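Data block below; observations after.
The values are calculated or read from the model by the stated rules, or taken from the named source; none is laboratory data. Not measured: the values here are computed from a predicted model. Neighbour counts run over all protein chains shown; Cβ positions are idealised from the backbone, glycine included.
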Amino acid sequence: MNMNRRETLKSLLLAPLAAGAAATAGCASGARVSWTELPREYSYGRTEAEQQRDRELFAESWFSEHELVTIAVLCDIILPSDHANGGALDAGLPDFVEFIVKDRENLKLPVRGGIAWLDSYAVNEFGADFVNIDEPQRLAICDRIAWTDVEDPVLRPGIRFFSLMRDLTLTGYYTTEQGLLDLGYQGNVANVWDGVPAEVLARHGLQYEPEWLDKCVDQSRRDIIATWDDEMNLTS
Amino acid sequence: MSSSEQYDAIVVGSGAGGGMATWRLAQAGLRVALVEAGPWYDPADDSQRTQFRYPWESPRRGASTRLRPFGDFNACIGGWELDGEPFTTAPDTDFMWWRARMLGGRTNHWGRISLRFGPLDFKRSDVDGLGDNWPIGYEDVKPYYDQVDKLIGVFGTNEGLPNDPDGYFLPPPKPRLHELYYIRGARKAGVPVYPSRLSILTKRINNDRGICVYCRQCSRACALHADFSSSMVLIYPAVATGRVDVFTNTMVRKVDTGADGRATGVSCIDRGNRRELRINGRSVVLAASACGSARILLNSISARHSSGLGNSSGHVGRYLHDSTGASRAAFLPELMDRDIYNEDGVGGMHVYTPWWLEGANLDFARGYHLEIGGGMGMPSYGFGFAANQYNEFLGQRVGGYGNGLRDDVRRFYGSRLSIACRGESVPQYGNYCELDPSVVDEWGIPVLRFNYRWTDQEINQARHMQDTMEELLEASGGILLGSKPGPERQYGLTQPGEIIHEVGTTRMGDDPATSVTNRYGQLHDADNVFVADAGTFVSQADKNPTWTILSLAWRTSDYIIEQMRQRNL
């Protein structure tokens, strides 16, 4: 597979970014979040109008640095990097989330508002913004908003936001090279499909109907030019 | 500016109908001008290629955009909305209109499902007393279906079904695993299921085109030219004759007519430099899509054709109709924790169910077929959303975070089975498109205004679809997802236009008072103007229209050639 990606690291200091009066109180001073930076130029059959649109999106600033760091911290919690196939930060998730939110207007408000809700909740519970409380405190909040069956009206906006971030993190990860590796995806290559492998059929207790199989393509003859008799029977 | 040449034929639009007309007329030795509103296109050109791209090659991972509503890697340039080219709807109408702006038109995105209409499909009025019969029958079109099968290639099987005719088929691919579950379920429910019929080359058809390499990406256009799109199969060979001039990025505004009422050429605008262009010819073949061609005719107003060309009957734009549609999905627990292997297969279903209740006593007329979906597709934007939602069915919690999510994603990968129904609606005089008197597009051409409402026939049919899909998904071992739409949502019936099978706006008939063209697609009102798209359809069967568009366009082209030979044109 061809991974056209620069392996540069983007670093942001957590502490100075959270400048709000109350938010600085419990800041984890010196903590850093870094992630793999994704390319900003693509070439895959675009029209002029599409290229223009993407240039504008990349040039647009939508998130503050504080918001971006919060996204990075959340992505890292959802899919951590302590795994052989890498995690969200290795897969450049903050860059992907930033782009896709700018691209899809209906995501802008939920993500911005979600971050604001999370900070407000963190300040009330632990006295600082989400990124400036300590890790056990962050995970304590996540434990409350990560499950969709929790019926607490106070937490409802947080649950919705966390679900959205989980969706974006997983979709962003599983559409990278690491993600396809993690999944074990085998497709997107030229091949000759000749049916479900026999051992898989056996495991499912299924078999092809013989009359059906008789009608299917004989892959050993696929390169022979098709001819028919006048009765519509294939003769080659 | 005016073309110096007097072409034998000017073909407007390069989709299925326009491509076929161009190929056939050029092959017969005529000089052809092919006019296309969008750019030249070839998926084998790497700068236009989206096939075999990995999701990360797009910054949005293949998500849809307004410019590519079917996803960032879809081949079709165009969509539900075009910048500078709006359309309008009457207050009680929710019409959707997909337009392509590229060589090959909408053959660049279609599902390659290639079904012949059957004998009953041309004579539906005889069957149910609704609407009108076609002036022609299956036996008139069959020789052309046969030729199209052999020229273009379609896989399928001869099953001897009365209204789903046999053909000159290439052999079909073997079913995938989820399709075997569907076959088993359908057998249990007593519903027939057969290999699908798609215009994809499972076997070599000639030395110019490749053979399918099973990447499941027909919707991205095939660089090997191993499936059908108009550009690669018809237009490139037509251009190779040296008798075709292709005018790309050229938008036709009207057909010009002389004092005798006959066409003399077309007036266009070059979209690149906004200059007016006139192309002269001794015949005009409209294939700009059913609604696109109706619009051109309605805008071709002259002293002789005061309500638009071909519209003395007032029928241009009338009887607009689209296929019905509804869909449902299920979770198959037996497909959890699958073995993962490459099962991409062809760019569509390997099995399908044609309409099986002809003649049954139902509360709606006409039928529908079932299209089967599922499998271990390539992830793109949206993959991983609600990753472990099926935990609900396993008594486990939904949500969470951490590396356990990886196991959930793998566990449920490829465990979904879906069905989409496509049915026949009953054409209505009161469903139509017309020129909006107060809105023009950026080229100064009046835009279309749509008037369309479903009737109880379609709504009742959708209710039946929902019952069928539930029965079959459960018989296949599925746990139904989502809720069953009821009357408040018209049973999940798609919007008019949404299935992109809109037909009927210039329907054929023997009576000039109730039809726009004769049985050869020739305008009753101007004998050198023809329609070669789905506008001529009297009724749209539950079959996808492309194979019939191709066959009728070939038939119309043969008629043009013969009329020219006899010096009637």
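Could you say which residue among B:Arg253, B:Arg278, B:Arg274 is in contact with a helix residue (DSSP H, G or I) (Cβ under 7 Å, 6 or more places away or on another chain), over 30 Å from B:Asn158 (Cα atoms) and not in a helix (DSSP H, G or I)?
After applying the criteria, what remains is B:Arg253.
Which of the residues spanning segment B:504-533 are over 14 Å from B:Pro135 (Cα atoms), part of a strand (DSSP E or B) and either of a type in the set (S, T, N, Q) or outside the structural domain of B:Gly78 (by TED's automatic domain parsing) (or both)?
none
Could you identify the single residue in B:Val398, B:Val316, B:Val351 that is at pLDDT 95 or above, of a type in the set (Val, Ile, Thr) and closer than 26 Å to B:Phe73 by Cα?
B:Val351
Determine which single condition B:Ser438 fails, assuming it passes every other condition in (1) in contact (Cβ under 8 Å) with a residue 40 or more places away in the chain; (2) more than 14 Å from chain A (Cβ to nearest Cβ).
Of the numbered conditions (1) in contact (Cβ under 8 Å) with a residue 40 or more places away in the chain; (2) more than 14 Å from chain A (Cβ to nearest Cβ), the odd one out for B:Ser438 is (1).
Within segment B:3-19, identify whether any single residue is assigned to a loop (DSSP other than H, G, I, E, B), among the polar types (S, T, N, Q) and buried (at least 20 other Cβ atoms within 10 Å of the Cβ), and answer yes or no.
Yes; the residues of segment B:3-19 include at least one that is assigned to a loop (DSSP other than H, G, I, E, B), among the polar types (S, T, N, Q) and buried (at least 20 other Cβ atoms within 10 Å of the Cβ).
Quick check on this structure: which one of B:Tyr368, B:Tyr401 is crowded, with 16+ Cβ neighbours inside 10 Å, within 14 Å of chain A (Cβ to nearest Cβ), of a type in the set (Ser, Thr, Tyr) and touching a helix residue (DSSP H, G or I) at 6+ places or on another chain (Cβ under 8 Å)?
The match here is B:Tyr401.
Taking B:Asp407 and the conditions (1) touching a residue at least 12 places away in the same chain (Cβ under 8 Å); (2) part of a helix (DSSP H, G or I), which numbered condition does it fall short on, given that it satisfies the others?
Going through (1) touching a residue at least 12 places away in the same chain (Cβ under 8 Å); (2) part of a helix (DSSP H, G or I) one by one, B:Asp407 breaks only (1).
Give me the residue from segment B:38-56 that is hydrophobic (A, V, I, L, M, F, W, C) and part of a loop (DSSP other than H, G, I, E, B) and, out of that set, nearest to the other protein chains (Cβ to nearest Cβ).
Of everything passing the filter in segment B:38-56, B:Phe52 is nearest to the other protein chains (Cβ to nearest Cβ).
Suppose we keep only residues that are of a type in the set (Gly, Ala, Ser) and over 19 Å from the mean Cα position of the chain (by Cα) within segment B:332-365. Which one would you say is farthest from the other protein chains (Cβ to nearest Cβ)?
Going through the qualifying residues, I end up with B:Ala365.
Across segment A:34-48, which residue is surrounded by the most Cβ atoms within 10 Å (Cβ to Cβ) among those that are among the polar types (S, T, N, Q) and either within 8 Å of chain B (Cβ to nearest Cβ) or part of a helix (DSSP H, G or I) (or both)?
That would be A:Thr47.
Check B:Asp126, B:Asp45, B:Asp92 and return the single one that is outside the structural domain of B:Trp355 (by TED's automatic domain parsing) and touching a helix residue (DSSP H, G or I) at 6+ places or on another chain (Cβ under 9 Å).
Exactly one residue qualifies, and that residue is B:Asp126.
Here are some conditions: (1) part of a helix (DSSP H, G or I); (2) within 27 Å of B:Arg397 (Cα to Cα); (3) within 14 Å of chain B (Cβ to nearest Cβ). A:Ala88 meets all but one. Which one does it not meet?
(1)
Could you tell me which numbered condition A:Leu181 fails, if it satisfies all but one of (1) at the interface with chain B (Cβ under 7 Å from one of its Cβ atoms); (2) closer than 30 Å to A:Pro94 by Cα?
(1)
Select from segment B:23-62 the residues that are out of contact with any Leu (no Cβ under 9 Å at 6 or more places or on another chain) and of a type in the set (Ser, Thr, Tyr) and write down the one among them that is nearest to A:Arg104 (Cα to Cα).
B:Ser58
Inspect all residues belonging to segment A:131-138 and state whether any of them is within 19 Å of the chain's Cα centre (by Cα) and in a helix (DSSP H, G or I).
No, segment A:131-138 contains no residue that is within 19 Å of the chain's Cα centre (by Cα) and in a helix (DSSP H, G or I).
Applying the selection to segment B:409-436, what residues are closer than 21 Å to B:Phe537 by Cβ and touching a helix residue (DSSP H, G or I) at 6+ places or on another chain (Cβ under 6 Å)?
Listed by number, the residues that qualify are B:Cys421, B:Gly423, B:Ser425, B:Val426, B:Cys433.
Which pairs turn up if I take residues in segment B:535-546 that are closer than 15 Å to B:Leu523 by Cα and look for partners that are of a type in the set (Phe, Trp, Tyr) with beta carbon separation below 7 Å, at least 6 apart in sequence or on another chain?
Once the first residue is closer than 15 Å to B:Leu523 by Cα and sits in segment B:535-546, its partners that are of a type in the set (Phe, Trp, Tyr) give B:Val538/B:Trp134.
So for segment B:284-305 (the condition being assigned to a loop (DSSP other than H, G, I, E, B), within 30 Å of A:Glu177 (Cβ to Cβ) and modelled with pLDDT of 95 or more), does at least one residue qualify?
No, the conditions are met nowhere in segment B:284-305.
Can you tell me which residue in segment B:494-539 is surrounded by the most Cβ atoms within 10 Å (Cβ to Cβ), limited to those that are of a type in the set (Gly, Ala, Ser) and within 15 Å of B:Gly292 (Cα to Cα)?
Top of the filtered list is B:Ala532.
Condition (residue is out of contact with any Ser or Thr (no Cβ under 6 Å at 6 or more places or on another chain), aliphatic (A, V, I, L, M) and surrounded by 23 or more Cβ atoms within 10 Å (Cβ to Cβ)) applied to segment B:114-136: is it met by at least one residue?
yes
If only one of B:Gly105, B:Gly111, B:Gly153, B:Gly118 is under 19 Å from the mean Cα position of the chain (by Cα) and modelled with pLDDT under 95, which one is it?
Matching residue, one of B:Gly105, B:Gly111, B:Gly153, B:Gly118: B:Gly111.
Please indicate, with yes or no, whether at least one residue in segment B:545-567 is touching a helix residue (DSSP H, G or I) at 6+ places or on another chain (Cβ under 6 Å), farther than 20 Å from B:Glu458 by Cα and charged (D, E, K, R).
Within segment B:545-567, one or more residues are touching a helix residue (DSSP H, G or I) at 6+ places or on another chain (Cβ under 6 Å), farther than 20 Å from B:Glu458 by Cα and charged (D, E, K, R).
For the subset of segment A:93-116 comprising residues that are in contact (Cβ under 8 Å) with a residue 12 or more places away in the chain and of a type in the set (Lys, Arg), which member is nearest to the other protein chains (Cβ to nearest Cβ)?
A:Lys102
Assuming B:Thr88 fulfils every condition listed in (1) surrounded by 18 or more Cβ atoms within 10 Å (Cβ to Cβ); (2) more than 11 Å from chain A (Cβ to nearest Cβ); (3) touching a Leu at 6+ places or on another chain (Cβ under 8 Å); (4) of a type outside the set (Phe, Trp, Tyr) apart from one, which condition is it?
(1)
Restricting to segment A:189-214, and then to whatever is touching a helix residue (DSSP H, G or I) at 6+ places or on another chain (Cβ under 9 Å), more than 7 Å from every other protein chain (Cβ to nearest Cβ) and assigned to a helix (DSSP H, G or I), can you tell me which residue is nearest to B:Val346 (Cα to Cα)?
Per the stated criteria, the residue is A:Trp212.
So, B:Tyr390, is that one within 11 Å of chain A (Cβ to nearest Cβ) and crowded, with 19+ Cβ neighbours inside 10 Å or not?
Criteria not met by B:Tyr390.
Suppose we filter B:Gly210, B:Gly167 for residues that are within 9 Å of chain A (Cβ to nearest Cβ), small (Gly, Ala, Ser) and either farther than 26 Å from B:Asp558 by Cα or assigned to a loop (DSSP other than H, G, I, E, B) (or both); which single one remains?
Testing whether each residue is within 9 Å of chain A (Cβ to nearest Cβ), small (Gly, Ala, Ser) and either farther than 26 Å from B:Asp558 by Cα or assigned to a loop (DSSP other than H, G, I, E, B) (or both) leaves just B:Gly167.
If I ask for residues that are more than 25 Å from the chain's Cα centre (by Cα) and among the β-branched types (Val, Ile, Thr), which ones from segment B:210-243 would you list?
Within segment B:210-243, B:Thr241 is the sole residue that qualifies.
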